[in-house]
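Inspection log for the structure reproduced underneath, given as structure tokens.
The values are calculated or read from the model by the stated rules, or taken from the named source; none is laboratory data. For clarity, every value in this text was computed on a predicted model and none was experimentally measured. When we count neighbours, we look across all protein chains shown, and the Cβ atoms used for this are built from the backbone with ideal geometry, even at glycine. Quick note on the areas: whole protein, heavy atoms, side chains included, nothing else; ligands and nucleic acids left out. Shrake-Rupley method; radii C 1.70, N 1.55, O 1.52, S 1.80 Å.
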Amino acid sequence: MDGIRQGVAGGVPRRAGWYVQTLRLTACALLAWLVWQVWHLSTYEAADVVWVCDGTGSCGTDHFASVGPFAGIAAAIGLGIAAARYLHRSAPGAVVALSAWAALAGWQDALADGKVTRADTSAWFLLVPVELPVPTWLAVLRWLTAAALAGACCGAFSSLYRTAAVARFLRGRACAPGTLEGWRSLGRRHGEADLLFADERGVRHRVPVVVARRALTRETVLAVYDPARPGDAARTRAALPRKEARP
Amino acid sequence: MNRARLRALFGPHSLWGALPVGAALTALGLGLTGGGRWLLLLGAAATAGALLLLAAVAEAGNGVASAAPRPGRPTSYAPAHVHGVRVVHAGSGRTLRDSDGRAQGTLFVFDLTVVPAGRAPYRVLVRHPLDVQGLAGQGKDGTPVTAVAAYDPEEPWRTVLPASPPPRERQRARALAAAPVPTASPVTRVGLPAGASLLVLGVLYAGAAVALVRAAG
């Protein structure tokens, strides 16, 4: 027995105040600028890198652009982690697109400034030195940017659906913490369950909903319902916010 | 904001803790005012990390659950209505299905409406590793449950449940059970967000350091 049966103070994830959001957005902006600068530098000055080989098979250089790709990857990972709370599943695609676009811009600027010509081959030390003609690099980076943007869009749609963001913000649905009971599997990835929640007037409802299998790992889910018709199964959904509400 | 509060905000902990923030901002400032490219990139990365840390500190301090009391400050007792008791994992905050509560790494979360004398009642969540005042075992038959809470009169978001309150306070709490539960809004933390003093001091350190370095040529 639980003793006292439960009230749900703090069941809906709370949005952080303006101070916290300003700090986080400023940090994300700094990291995005950093990612752009590092990748742009790594390709803009790729032709300036002079490799000094000491004859035993190992080469060194003291130019920053040589470690550009490594620093760029580290900065991109940092940006992905920091921006994940805003971009959700589109964060990896967006970060890769930004990095590829910056590298592409670096090469185009190098061409415009005469540092390289279209006939050159450039050894871009991307984890392993890869020697390709400059036009090939441009084409590779364009395709990579497009693919990453497509991935970001897919991630955005997936996150918007999973968190019911459209229903909550555009269609005026209300939210309440809810629990799922009575799981009935409908295949490998989805199942049907009863969503129990109390609407804003305190009336408890039990509505059958279809949810993804990962909802089973959550203690509470977010019930997204129409305030005018809370018990209507066609207008009620269970959403999975990005993180659980903490006490 | 009186002098004691200012001293508490910008005390020795803040002065030392703001040094990393100041260092990161100094690197960024030096890089922006003519330092090398390395310094600018490093400063940007370090500043981003420092800002994310400060945001985490502020968010932890602004949560719905109560903060710890400040040492050496007087606390006032007040009776409180208990809405419920949950058992959660200490790390993730996830509610446990069975409220056995004796497993390691669990916390009790008490949902209270504190009714202090002379101020408006407020709602707060109090976390404690033990089931203080025997609250989790009460109320099975629907009777209202009350408890004795101790709060900091200047910062009421610092509320705790004392393990053995004085008998007079316990009597007042029992008397409160007959009264209707007031609807109270959750207590909010007023004043500067947690960790804001670190940001302010860090900016001051960085401004001074950059000015010194640039003036020295």
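The share of alpha-carbon pairs in chain B lying farther apart than 29 Å comes to 43%. Interface area, chains B and A: about 3400 Å² of buried accessible surface, summed, with a 1.4 Å probe and ligands, DNA and RNA left out. The modelled label-to-label distance between B:Arg7 and B:Ala215, using points 7 Å beyond Cα along the C-beta direction, is 3.0 nm. Segment A:Val67..A:Leu170, full-extension length gain: 32.5 nm, with 0.36 nm per residue of separation and the alpha-carbon distance subtracted.
Region A:128-150 and region A:187-244 have Cα centres lying 44 Å from one another.
Remark: the B:Ala184-B:Val200 segment gains 2.4 nm on full extension, using 0.36 nm per residue and subtracting the alpha carbon distance. Per the Kirkwood formula applied to alpha carbons, region A:174-239 shows a radius of gyration over Rh ratio, Rg over Rh, of 0.96.
Using heavy atoms of the protein chains and a probe of 1.4 Å, the accessible area assigned to A:Tyr86 is about 80 Å². Loop-located trypsin sites (Lys or Arg not before Pro) across region A:188-227 with a Cβ neighbour count of 13 or fewer within 10 Å are A:Arg188, A:Arg189, A:Arg201, with loop assigned by DSSP. For region B:105-202, the Kirkwood radius over C-alpha pairs fed into Stokes-Einstein at 20 °C and 1.002 mPa s yields D = 141 µm² per second. What FRET efficiency, computed as 1/(1 + (r/R0)^6) with R0 = 51 Å and r the Cβ-Cβ distance, is obtained for A:Val130 and B:Leu32, rounded to the nearest 0.05? Taking R0 as 51 Å, the efficiency between A:Val130 and B:Leu32 is 0.90.
Rg and Dmax of region B:132-182, based on Cα coordinates, read 11.9, 37 Å. Screening chain B for DSSP H helices whose Cα atoms reach 27 Å or more along their own axis and whose mean Kyte hydropathy is at least 0.5 gives B:12-32, B:37-61, B:196-215.
Here the extension length gained between A:Ser158 and A:Ala233 equals 24.8 nm, from 0.36 nm per residue of separation less the Cα-Cα distance.
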